[in-house]
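Heads up, the thing below is written out as structure tokens.
The values are calculated or read from the model by the stated rules, or taken from the named source; none is laboratory data. All values derive from a computational prediction rather than experimental measurement. Virtual Cβ from ideal backbone geometry, glycine too; neighbours counted across all protein chains shown. Quick note on the areas: whole protein, heavy atoms, side chains included, nothing else; ligands and nucleic acids left out. Shrake-Rupley method; radii C 1.70, N 1.55, O 1.52, S 1.80 Å.
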Amino acid sequence: MSATAPPADDRPEKTAGDDERLIRTSRLRKLLGRPELGSVVGAVAVFLFFSVVADSFLRASSFGTVLYAASTIGIMAVPVALLMIGGEFDLSAGVMVISSALISSMFSFQMTANVWVGVLVSLLVTLAIGVFNGVLLTRTKLPSFIITLGTFLMLTGLNLGLTKLISGTVSTKSIGDMEGFPSARKVFASQLTIGDVSLKGTILWWAVLVAVATWILLRTRFGNWIFAVGGNADAARAVGVPVMKTKIALYMGVAFCAWISGQHRLFSFDAVQSGEGVGQELIYIIAAVIGGCLITGGYGSAIGSAVGAFIFGMTNKGIVYAEWNADWFKFFLGAMLLLATLLNAWVRKRAEASR
């Protein structure tokens, strides 16, 4: 005997409460669920604070300086944020920036080639470093802290050792008079002046990277993979997410942005100091964390990393405009990191409770 469906009148009516997809979420709840909420609140507080204590902070000319300081951090904070959302770190990011600049400069100078040849060689080598980090991480299953710490130490030694071996000093030779330098400077180190405001080209690079990263996270399958890998890599693998390829791609993203940042350094000054970059990786991570990324992965946004970098820029230059001792900068940076982490944790709990 086959079972028959109950009469239509006896079937329970399905309401919107039976399907969570039909439940309308208020704008306030959506706002509370945004990863960058805490960093936006912090940015407003920092802006108001320095607006009061530093008279020159609100000048139009100061705005361009703050944006430039933020962009030099923000270019790297974007891929670092995506990597952290994917559940990993890259402690080699700071020295990788200098490595990319050194490769461009020394290859162009030693080979007496058009500087664009050095730029392209630098891109390939820098991406190879990213692949090296990603493949070693996924093959060995070692923590990214150990893998990238090793890469950090190797690159630090190579930067200094090879520069002294080839150039005889700790800095590269000037390439300002070489063919292709003017056009490369326009691409990586241009400047636009509007009235009293001087805007560096890195600000445009930064804005483009934030927009692209946001689109990837929110509108593409790869963005879903990043969140899934960072939330639970084993569960993501079980449902068909290519965990290995995703992590390698994220490390290549860090390498690509390190290349952009390195070329900016080179073509801004036409020479590079080989010992620079050490410690910058922590600044990139701090900007991402202040922007709402969790250390544990699976949560964050590219926009939040931009806000975190902007907070860094305001604090860095705000202390100068307030005519304080620059030694206080690290204190404020540490305080902001702790406050942002606590605020982000509170925001996430509120978001989870409201679901």
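Give the carbon-plus-sulfur fraction of the accessible surface of the chain in %, rounded to a whole number; probe 1.4 Å, heavy atoms of protein chains only. For the chain, the apolar C and S fraction of the accessible surface comes to 65 percent. Largest GNM mean-square fluctuation across Lys173, Lys141, Lys247, computed for the chain with C-alpha springs under 10 Å, falls on Lys141. The helix-based estimate of mean residue ellipticity at 222 nm for the chain, built from -39,500 (n - 2.57) per DSSP H run of four or more residues and divided by its residue count, is -23500 deg cm²/dmol to the nearest 500.
If a spin label sat at a point 7 angstrom from the Cα of Asp55 along the line to its beta carbon, the backbone N atoms of segment 313-330 nearer than 20 Å would be those of 317-325.
Each Lys or Arg adds one and each Asp or Glu takes one away; over the other residues whose Cβ falls under 14 Å from the Cβ of Ile146, this sums to 0. Taking all protein chains into account, the per residue accessible area for the chain stands at 52 Å² (1.4 Å probe).
In straight Cα distance, which lysines are under 19 Å from Lys330, not counting same-chain residues fewer than 8 positions off? Result set, ordered by chain and number: Lys317.
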